[in-house]
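Okay, structure first, notes after.
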Amino acid sequence: MEDSLILEQFKSDDTKHSAFRALVDKYKERVYWHARKIVIDHEDADDVTQETFIKVYRALKDFREASQLFTWIYRIATNESLNQLKKKQKRQATSMDEVYEELENSIDSDHLISGEEIQLKLQKALLQLPEKQRLVFNMKYFDDLKYDEISEITGTSVGGLKASYHLAVKKIETYLTGA
Amino acid sequence: MTKKGKHIKINQEADKAYFDKLTDEIMNRVELEDSLLYRDSSLKALPFTTPDGYFDQLGDKMMSNSVEPKVIPLYANTWLKYAAAVILLFVVAVFTLKPADTETNNLLADISEDAIIEYASTEESALDELFLDEEVMEIVLDDLMADIAFTYEDMIDFEQGEFFSEGY
């Protein structure tokens, strides 16, 4: 269903629920994988996905720009993912560095994480990057989003994003090759 | 320089800036293409998996968590309310009213039929007033339903006084 139609049908009580269901079905996987790449753990990604759609449901009636629905949902998912990591930090009463260290360790031990050695190494390399740089890399490299879209999601200029992405690629290259 | 000439010069400068930038863009892209991340396509695959059937059930779980429970009003309209009240009164009467008291019946038998007819035709009974006034009738029925609702407290939400269905 087109985003404009989803928004239109969401306004009417008769079609509100079916419109929201269409929205969930359309974006659930993208939201989940976007969250998963940030929080790494499946249960955390599940929580983030649900929180994201709850917030989308509450705010959708006031949302007007159908062409920006996707980037708006992505922005919510991004914020929820980062919040999830902060909650983890507070719950464990540790530093964010320690949270990332724990995530890095989980890449080798989590039963819902498995792949080629270089794929696992890439995920560990990403956890070394500054948070925003990691976000930009994920969206550009894995999700293949345009810089304009990433700019809408993160609020960073296109020029800044390009610079950040190029730097991230170089750092990762160094990590992967051990150079 | 003519106006047209100045216009052409500005355009040429703008074009030059664009093409200089374009060159930088292309060189940056080429640099990316040479990196391991773009040479090894297997790196694009994420090493993350989900439990079996996760996405199939995610939609249903989302709807039950995100969407407000659909409220089914207990009374679709006033007539339905009246009908429900009559049925309930009947049920209550059948199960709670005591058998006619013989002594009371005997007392009534002592009153003449003419006296009864005169009373019914001239006096305004409280019951007549009750049924003539719809607003009062509404209040009485609401009170009655509230009493009955208390008996079935596990089925009805008190805060809103309405019956909630699961899902949407």
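The values are calculated or read from the model by the stated rules, or taken from the named source; none is laboratory data. These figures come from a predicted structure and were not determined experimentally. Cβ sites come from the backbone with ideal geometry, for glycine too, and all protein chains shown count toward neighbours.
I'm trying to understand the selection: among the residues of the range A:107-139, which are of a type in the set (Gly, Ala, Ser), within 11 Å of chain B (Cβ to nearest Cβ) and either out of contact with any helix residue (DSSP H, G or I) (no Cβ under 6 Å at 6 or more places or on another chain) or in a loop (DSSP other than H, G, I, E, B) (or both)? Those that are of a type in the set (Gly, Ala, Ser), within 11 Å of chain B (Cβ to nearest Cβ) and either out of contact with any helix residue (DSSP H, G or I) (no Cβ under 6 Å at 6 or more places or on another chain) or in a loop (DSSP other than H, G, I, E, B) (or both): A:114, A:115. Against the criterion of being at pLDDT 95 or above, out of contact with any strand residue (DSSP E or B) (no Cβ under 6 Å at 6 or more places or on another chain) and among the aliphatic types (A, V, I, L, M), residue A:73 qualifies. Could you please let me know if residue B:24 is more than 16 Å from residue A:177 (Cβ to Cβ), exposed (fewer than 10 other Cβ atoms within 10 Å of the Cβ) and within 11 Å of another protein chain (Cβ to nearest Cβ)? No, not satisfied.
Filtering the range A:110-138 down to residues that are among the basic types (Lys, Arg) and within 18 Å of residue A:84 (Cβ to Cβ), which residue is modelled with the highest pLDDT? If you could, list the steps in order and put the result at the bottom.
Going residue by residue through the range A:110-138, those that are among the basic types (Lys, Arg) are A:121, A:124, A:132, A:134.
Add one more test, that the residue is within 18 Å of residue A:84 (Cβ to Cβ), and what stays is A:132, A:134.
On the way: A:132: 93, A:134: 96.
The selected residue is A:134.
Of the listed requirements (1) closer than 30 Å to residue A:25 by Cα; (2) at pLDDT below 65, residue B:104 misses just one: (1). Of the residues in the range A:17-28, at least one is under 17 Å from residue A:79 (Cβ atoms) and at pLDDT 95 or above.
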